[in-house]
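Structure record follows, encoded as structure tokens.
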Amino acid sequence: MESKAAKYAIVKQSIKQQIEDGTLAVDEKLPTEAEYAVIYNVSTITVRRALTELAEEGYIKRLKHKGTFVTSPVSAEPASRLIALILYSEDHNDSSYIQIIRGAQTMASAFDYSLIVEWIDTDPVQEAGAIRKMLNLNVEGLLLYSFDPAKSIENYRYLEERKIPFVLLDRYDPGYTCYYSGCNNYDGGAMAARLLLEHGHKKIWFAGYLFFLQSEQERYDGFCSMMRKAGHAISEESLIMNIDYDALAVQIRAGEVTAIFCCNDRLAVKMIRNLRERGLRIPEDVSVMGFDDWTASPDVARELTTVRQDFTEIGANTAYLLLSLLQGKFTGNPVKILSDVSLVVRSTVAAPADVR
């Protein structure tokens, strides 16, 4: 028995062959989906998938209220000079995302390209729709900032099958080979641990936010490496997620933890606010560090000691990778570009009470 996938491929190939051999002429109107379903003895869903891919590949065009018509697969459209950034974001006004866009846009302009930005939420299906939307606009390549790259692999394979260049931004799945641009998360985690150790802390915990992300795991790995290098064992308690702030406040008062390195500034800001609400002082009772140099919460962020990543540079590096791919500059294994990180020392870190 033929699979649904095989049926759609047969329909697609049959129509494509008729276009290529001239049986279907340029500008000729095609049968409707229902008529094709009868012709090929398949469902309209199967026909729709075949026609959708033919449209994406430029063999046909679908005009609302008019029908589907043959285009010329021989006469290629001129290059659009467009690339797209499909961007997951919790907050469209977050300055870090604005910096990423600015960096990508500046690099695109340097290559005489324009950048389109499309915002998405956590759903990979919505990401898939955004990808198809951008391809219908004839973009030449894509920059992708996915919520969870492991759940977006089918979207990446869809682009690979169509030979559309793309580069992943900030996040990637270690099991999927790709072009990627982000920051040196591992070194950043090690920097944070070293700073806290230099202040005399030994009871340091790592707070995770979205720990399924490779970027967070790399920060944790760098943190653990520096702790072990200093002779401190890492226990299960050293990694905290889904934080119970009441319980954490009790542990801080009992001296079980004297410093907390949060995987990002968003969590660090939340951490500081919650601990202060429970009567704890930062950094007198517990030191708190973040990662990003996030400015979306100036009341707390301006005092937060953190590891800074250069979002503008990361955006520019991502666009550079894509534009270099479009120019055929890369061959062989995919390239990864890691932007350097740096410490920003403010007022949320101090020596623990027993060292002062």
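The values are calculated or read from the model by the stated rules, or taken from the named source; none is laboratory data. For clarity, every value in this text was computed on a predicted model and none was experimentally measured. Glycine also receives a Cβ, built like all others from the backbone with ideal geometry; neighbour counts cover every protein chain displayed. Remember, those area values only see protein heavy atoms, side chains included, never the ligands or the DNA or RNA. Shrake-Rupley method; radii C 1.70, N 1.55, O 1.52, S 1.80 Å.
Figures for the structure shown
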read-out	value
Filtered residue count, the range 214-241, keeping only those that are among the charged types (D, E, K, R) and farther than 28 Å from Cys178 by Cβ	4
Unique residue being in contact with a Lys or Arg (Cβ under 8 Å, 6 or more places away or on another chain), of a type outside the set (S, T, N, Q), assigned to a helix (DSSP H, G or I) and open to solvent by 10 Å² or more (accessible area, probe 1.4 Å) when the list is Asp285, Asp246	Asp246
Sole exception among (1) open to solvent by 70 Å² or more (accessible area, probe 1.4 Å); (2) farther than 25 Å from Asn155 by Cα; (3) among the hydrophobic types (A, V, I, L, M, F, W, C) for Val70, by number	(1)
Filter result (of a type in the set (Phe, Trp, Tyr) and either open to solvent by less than 10 Å² (accessible area, probe 1.4 Å) or over 16 Å from the mean Cα position of the chain (by Cα) (or both)) within the range 89-118	Phe111, Tyr113
Matching entry among Arg194, Arg253, Arg219 (being more than 23 Å from the chain's Cα centre (by Cα), more than 19 Å from Arg273 (Cβ to Cβ) and touching a residue at least 24 places away in the same chain (Cβ under 8 Å))	Arg194
Selection status of Ala268, touching a residue at least 12 places away in the same chain (Cβ under 8 Å) and under 25 Å from the mean Cα position of the chain (by Cα)	yes
Condition broken by Lys163, with the remaining ones in (1) open to solvent by 30 Å² or more (accessible area, probe 1.4 Å); (2) modelled with pLDDT of 95 or more; (3) not in a helix (DSSP H, G or I); (4) not hydrophobic (A, V, I, L, M, F, W, C) satisfied	(2)
